[in-house]
1. Since Met140 meets every condition but one in (1) open to solvent by 50 Å² or more (accessible area, probe 1.4 Å); (2) among the aliphatic types (A, V, I, L, M); (3) under 30 Å from the mean Cα position of the chain (by Cα), which condition does it not meet?
2. In the list Arg108, Arg60, which residue meets the criterion of being at pLDDT below 85, of a type in the set (D, E, K, R) and over 29 Å from the mean Cα position of the chain (by Cα)?
3. Those residues that are small (Gly, Ala, Ser) and on the phi > 0 side of the Ramachandran plot, I need them from segment 73-130; list them, please.
4. Might you check whether a residue that is part of a loop (DSSP other than H, G, I, E, B), over 30 Å from Phe39 (Cβ atoms) and among the small types (Gly, Ala, Ser) occurs anywhere in segment 126-136?
Amino acid sequence: MAVVEQIRSLSPVEVDERAARRSLRDQIAKLERELAAAFVGAFPRQGIDFGVARAPGGPRMLSLGELEHVRDDLAERLVEVRRQLYARAEEEEHKRELLERMLVEPGRYKWVRVTARELGRGDCGAYHVRPRLGIVGMLMGWWQVKVSSGCPLAT
């Protein structure tokens, strides 16, 4: 019983909220920098959502719980973006290997097409295995990789 009375007599623990806020803001800033670096590093890839949710309620000082929620959301978003970038990099590597094989042996990859977007090089351009000299080349087995700019002409 004496221990219980001693515990009750102790004052409640004071939490230094400023230090906790500073630490959370630093963590949020680090996550935002990493997300921005992932965005810049992903260029010119498209289709990856780098957006983050805003804190509800407009401009105001967020509570510790809200700051933790923002930090956790940013961390989840960063993990998801990195996962998407890794998957995209794997696909691009597979397409680069396919393109190398197409260039070495075009006859084995008849009519195969690899776009610049699939290679992570932007929107314009494609590599397409086609017969040299049209139908004659097709009948004779003369295949080549044609490179197309793919970009429409300016009007």
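1. (3)
2. Arg60
3. Those that are small (Gly, Ala, Ser) and on the phi > 0 side of the Ramachandran plot: Gly120, Gly122, Gly125.
4. Looking through segment 126-136, none of the residues is part of a loop (DSSP other than H, G, I, E, B), over 30 Å from Phe39 (Cβ atoms) and among the small types (Gly, Ala, Ser).
The values are calculated or read from the model by the stated rules, or taken from the named source; none is laboratory data. Note that the structure is a prediction, hence the values are computed from the model and not measured. Every residue, glycine as well, gets a Cβ built from its backbone with ideal geometry; the counts of neighbours run over all protein chains shown. Ligands, DNA and RNA are excluded from the accessible area calculation, which covers all protein heavy atoms including side chains. Shrake-Rupley method; radii C 1.70, N 1.55, O 1.52, S 1.80 Å.
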